[in-house]
Amino acid sequence: MQFIKPHSSGLPLFLYLVFNLTFLESTFLLFTLFPVCVPLQIEDIVTRIQDETEGVPIRTVKSFMTKIPSVVTVEAMHIGSLIAAQGYFFPISDHVLSLKDDGTFYRFQAPYFWPSNCWEPENTDYAIYLCKRTMQNKTRLELADYEAENLARLQRAFARKWEFIYMQAEAQVKIDRKKDKTERKILDSQERAFWDVHRPVPGCVNTTEMDIRKCRRMKNPHKVKKSVYGVAEEGTQSQSPIHTPSHHCRKGTKEDVEKEVNLSLITYTEQYMDYDPFVTGPEPSNPWTADDPSLWDLESSKEPSQQRVKKWGFSLEEALKDPAGQDLFLKFLESEFSSENLRFWLAVQDLKRMPQQEVAQRAQDIWAEFLAEGAPSSINLDSHSYERTSQNLKDPGRYSYEDAQDHIYKLMKSDSYARFLRSNVYQDLLMARKKVSVCVSVCLCVCSIHESDMRSLHDTAADS
């Protein structure tokens, strides 16, 4: 594995950045180029840095001991950070693309991923990449918190085609496993750096919103859509809440609103189509038409089917509506020592259904357990919700905790629920139920074939 390591007393990388000119001339040249964003000049610099004879000496981590003092450390770090922000080289173990004088190791980006290729990756490609990361049980490939949130948003945005995206990710993982271990590590880091440029860490500058790629397509003002994995996105609406375009968005018209509403209804209908017994023939048969309650018994059993487990991934509401999903989510929260949020939410739900004469006492009990000073299961509320709740308890009622419950629900939805879907608790159950479902389907198929064969044999014997 090849690395670049800036020395603590200077940065040898940028002694080669001056093009054999004086420092002032080279700095003036580079800062003249950056405002107009000419990637070809940057790529020429990177190419010269990688030259085998005149470029930066590149060694493995163990053998890289060269020391080249530098007197232009600050300026070189600034210039290097500007180049790193475009993704031409990147830190091996950090998502933030910048140059630091702290002994960090860096790696050159493959020319295939350079910005001059006019990359404008699709959100489907980003979804495939994040799915690949979740499929590989490697510590270095674990998703960061912001990536997990992005994956959850993408899963909701592409609910109709998520199975296709998942299949593409599985195919990519199978291909990657055939590669050499060292090559796979390098490619993984280069791919991660590519997405750090195009889907940067929150708080970092998105350099793709600048004009660095427009020099290659000045005659074409429209963005060039290019797929990383060859998966084109349907329609022209490729942007999701994860990636906000830099251009000014026009004000939505009535027709735009109607289109969004129609699309939302279509997405919802297609997502829940498999769960509607009038649209999709269930196994066992539709209880409304066949007078067979087996389906209802199956749905209420403590052993959830694959469809039920899959439905928990649609939303937190679906997971909490199912008693089995609720129990599994509570078990997961207990493993993280954060079950008090869900227990508070469930307690408030029970409060709304209690007889009127018991409401006041139960409301006080909930306050003592979750919100009072020194409460045994204290929850984290914002000041506004806390004040509203304390005012409501002066005259306690069924809905005294409405604001607090809504706040806790949003916290679980944005934080705990996303981790729950990625956890082994949920994923293992989903895969186990999927295997059971496949086995049942195969058995039913074999039985039907066997029954058909027996009937044909019986008919043949009767004819003879």
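The values are calculated or read from the model by the stated rules, or taken from the named source; none is laboratory data. Quick caveat: nothing in here was measured; it's all calculated off a predicted structure. With ideal geometry, Cβ positions are generated from the backbone for all residues, glycine too; neighbour counts draw on all protein chains shown.
Against the definition (surrounded by fewer than 16 Cβ atoms within 10 Å (Cβ to Cβ) and either modelled with pLDDT of 75 or more or not basic (Lys, Arg) (or both)), how does ILE83 come out, yes or no?
On the way: surrounded by fewer than 16 Cβ atoms within 10 Å (Cβ to Cβ): no; either modelled with pLDDT of 75 or more or not basic (Lys, Arg) (or both): yes.
Here the answer is no, as ILE83 does not meet what is asked.
Where residues in the stretch 110-120 are in a helix (DSSP H, G or I) and closer than 21 Å to PRO91 by Cβ, which of them is modelled with the lowest pLDDT?
First, pick out the residues of the stretch 110-120 that are in a helix (DSSP H, G or I): 111-113, 115-117.
Imposing the further condition that a residue be closer than 21 Å to PRO91 by Cβ reduces the set to 111-113, 115.
Values: PRO111: 81, TYR112: 80, PHE113: 80, PRO115: 76.
The selected residue is PRO115.
Going through the stretch 365-418 one residue at a time, which ones are of a type in the set (Lys, Arg) and more than 36 Å from the chain's Cα centre (by Cα)?
Here is the first cut: in the stretch 365-418, the ones of a type in the set (Lys, Arg) are 388, 394, 398, 410, 413.
Scanning the stretch 365-418 gives LYS394, ARG398.
Being assigned by TED's automatic domain parsing to the domain that holds ILE379, at negative phi, polar (S, T, N, Q) and part of a helix (DSSP H, G or I) narrows it down to one residue among GLN326, GLN357, GLN307; which is it? I'd like the intermediate steps shown before the answer.
On the way: GLN326 fails: assigned by TED's automatic domain parsing to the domain that holds ILE379; GLN307 fails: assigned by TED's automatic domain parsing to the domain that holds ILE379.
Testing whether each residue is assigned by TED's automatic domain parsing to the domain that holds ILE379, at negative phi, polar (S, T, N, Q) and part of a helix (DSSP H, G or I) leaves just GLN357.
Is it the case that MET412 is outside the structural domain of ALA144 (by TED's automatic domain parsing) and in contact with a Leu (Cβ under 7 Å, 6 or more places away or on another chain)? Working first, answer last.
Details: outside the structural domain of ALA144 (by TED's automatic domain parsing): yes; in contact with a Leu (Cβ under 7 Å, 6 or more places away or on another chain): yes.
Against the criterion (outside the structural domain of ALA144 (by TED's automatic domain parsing) and in contact with a Leu (Cβ under 7 Å, 6 or more places away or on another chain)), MET412 qualifies.
Return yes when ALA144 is within 23 Å of ASP428 (Cα to Cα), out of contact with any helix residue (DSSP H, G or I) (no Cβ under 7 Å at 6 or more places or on another chain) and among the aliphatic types (A, V, I, L, M) and no when it is not.
Working: within 23 Å of ASP428 (Cα to Cα): yes; out of contact with any helix residue (DSSP H, G or I) (no Cβ under 7 Å at 6 or more places or on another chain): yes; among the aliphatic types (A, V, I, L, M): yes.
For ALA144, the condition - within 23 Å of ASP428 (Cα to Cα), out of contact with any helix residue (DSSP H, G or I) (no Cβ under 7 Å at 6 or more places or on another chain) and among the aliphatic types (A, V, I, L, M) - is met.
Conditions tested, residue by residue: (1) closer than 21 Å to ILE165 by Cβ; (2) at pLDDT below 75; (3) part of a helix (DSSP H, G or I); (4) touching a helix residue (DSSP H, G or I) at 6+ places or on another chain (Cβ under 8 Å).
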position	(1), (2), (3), (4)
ARG184	no, no, yes, yes
PHE194	yes, no, yes, yes
VAL228	yes, yes, no, yes
SER238	yes, yes, no, yes
VAL261	no, no, yes, no
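LEU421: modelled with pLDDT of 60 or more, of a type in the set (A, V, I, L, M) and touching a Gly at 6+ places or on another chain (Cβ under 8 Å), yes or no?
Values: modelled with pLDDT of 60 or more: yes; of a type in the set (A, V, I, L, M): yes; touching a Gly at 6+ places or on another chain (Cβ under 8 Å): yes.
Criteria met by LEU421.
Would you pick out the residues in the stretch 326-338 that are at pLDDT 90 or above and touching a Lys or Arg at 6+ places or on another chain (Cβ under 9 Å)?
ASP327, LEU330, PHE332, LEU333
Pick out the one residue from ARG160, ARG184 that is surrounded by fewer than 16 Cβ atoms within 10 Å (Cβ to Cβ), within 16 Å of TYR129 (Cβ to Cβ) and touching an Asp or Glu at 6+ places or on another chain (Cβ under 9 Å). Give the steps one after another, and end with the answer.
On the way: ARG160 fails: within 16 Å of TYR129 (Cβ to Cβ).
Step by step, each of ARG160, ARG184 is checked, and only ARG184 is surrounded by fewer than 16 Cβ atoms within 10 Å (Cβ to Cβ), within 16 Å of TYR129 (Cβ to Cβ) and touching an Asp or Glu at 6+ places or on another chain (Cβ under 9 Å).
One line per residue, one yes/no per condition, for (1) at pLDDT 85 or above; (2) in contact with a Pro (Cβ under 7 Å, 6 or more places away or on another chain):
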residue	(1), (2)
HIS78	no, no
ASP94	no, no
ASP101	no, yes
TYR106	no, yes
GLU122	no, no
TYR126	yes, no
CYS131	yes, no
LYS138	no, no
ASP176	no, no
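Regarding the stretch 329-345, can at least one residue be identified that is among the hydroxyl-bearing types (Ser, Thr, Tyr) and under 20 Å from TYR401 (Cβ atoms)? Don't jump to the end; show me each part of the working.
Going through the stretch 329-345, the residues among the hydroxyl-bearing types (Ser, Thr, Tyr) turn out to be 335, 338-339.
Filter once more, keeping what is under 20 Å from TYR401 (Cβ atoms): 338-339.
Yes, the stretch 329-345 contains a residue that is among the hydroxyl-bearing types (Ser, Thr, Tyr) and under 20 Å from TYR401 (Cβ atoms).
If you scan the stretch 316-372, which residues turn out to be surrounded by 14 or more Cβ atoms within 10 Å (Cβ to Cβ), touching a residue at least 60 places away in the same chain (Cβ under 8 Å) and within 24 Å of ARG153 (Cα to Cα)?
Those that are surrounded by 14 or more Cβ atoms within 10 Å (Cβ to Cβ), touching a residue at least 60 places away in the same chain (Cβ under 8 Å) and within 24 Å of ARG153 (Cα to Cα): LEU316, ALA319, LEU328, PHE329, PHE332, LEU333, SER338, ASN341, LEU342, TRP345.
Only one of LYS223, LYS219 is in contact with an Asp or Glu (Cβ under 8 Å, 6 or more places away or on another chain), assigned to a loop (DSSP other than H, G, I, E, B) and either modelled with pLDDT under 70 or of a type in the set (S, T, N, Q) (or both); which?
Numbers: LYS219 fails: in contact with an Asp or Glu (Cβ under 8 Å, 6 or more places away or on another chain).
Answer to the selection: LYS223.
Working carefully through the options ARG153, ARG133, ARG107, find the one that is touching an Asp or Glu at 6+ places or on another chain (Cβ under 9 Å) and either under 30 Å from LEU263 (Cβ atoms) or outside any loop (DSSP other than H, G, I, E, B) (or both). Talk me through it step by step, then tell me what you get.
On the way: ARG153 fails: touching an Asp or Glu at 6+ places or on another chain (Cβ under 9 Å); ARG107 fails: touching an Asp or Glu at 6+ places or on another chain (Cβ under 9 Å).
Only one candidate passes the filter, namely ARG133.
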